[in-house]
Amino acid sequence: MIRHLKRLIEKRKGNFLVRNSQKNSLIEKETSALLIVDLQERILNPIPNKDEILFNTKKIVSAFNVFEEPVYATEQYPEKLGSTIELESDLNTFNKRSFSCCNCIEMLNTFKKQNIKSLIICGIETHVCILQSCIELLNLGFEIYLLADAIGSRRRDDHEIGLNRLEKIGVKVYSTEAVIFELCKTSENIHFKALSKIIKQG
């Protein structure tokens, strides 16, 4: 009887660990991609924290450059709103007119071919294109890591309400620095020194 109870307890512990690891796993670089949403000058200029957004976006882009991983970007109606701000990286760019990025079928097909399961997202605006993109990407089965210090809206209330809604529906909210360290995993990583320099900027 005691042996049976011990086995039952261990089994339950094992089941818990499996479930818990699925819910709280670290970001895996090999199955993740960086997606920059609509970081275009005409959209960015009216946003109060635009300098912080640009600063942290450049940080995460630099980290992906160190890893030699591709960076993806969407542009909202670039014929009228212009191109993505210069980020010192070769971007894989996709044009759109809908607020969500999920009508960029070519981009979604690329993610599928590259076995991308998680998306690290930054850009603008939190309550419009970021919000609608995240909702539809979640519905498609992607895990979403949103960089709270690299997103924004023209009005603070819109940003905070949008971010709160996204957290409630399962988007994981991170800082840029936390994501870089999580992708690195260990100080023994061959890219650690280069990433440390990026993190210490500013």
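Within region 69-95, restricting attention to residues that are in contact with a helix residue (DSSP H, G or I) (Cβ under 6 Å, 6 or more places away or on another chain) and assigned to a strand (DSSP E or B), the residue that is nearest to Lys59 (Cα to Cα) is Val71. When region 158-202 is limited to residues that are assigned to a loop (DSSP other than H, G, I, E, B) and under 14 Å from the mean Cα position of the chain (by Cα), the one that is surrounded by the fewest Cβ atoms within 10 Å (Cβ to Cβ) turns out to be Gly170.
In region 124-143, which residue that is among the hydrophobic types (A, V, I, L, M, F, W, C) and assigned to a helix (DSSP H, G or I) is nearest to Thr57 (Cα to Cα)? Once the filter is applied, the top-ranked residue is Ile130.
Here Glu75 fulfils each of the conditions (1) surrounded by 21 or more Cβ atoms within 10 Å (Cβ to Cβ); (2) out of contact with any Cys (no Cβ under 9 Å at 6 or more places or on another chain); (3) closer than 24 Å to Arg156 by Cβ apart from (3).
Read the figures in this text as sums done on the coordinates, not as results from a lab. Bear in mind that the values here come from a model prediction, so they are computed numbers and not experimental data. In this analysis, Cβ positions are derived from the backbone assuming ideal geometry, glycine residues included, and neighbour counts consider all displayed protein chains.
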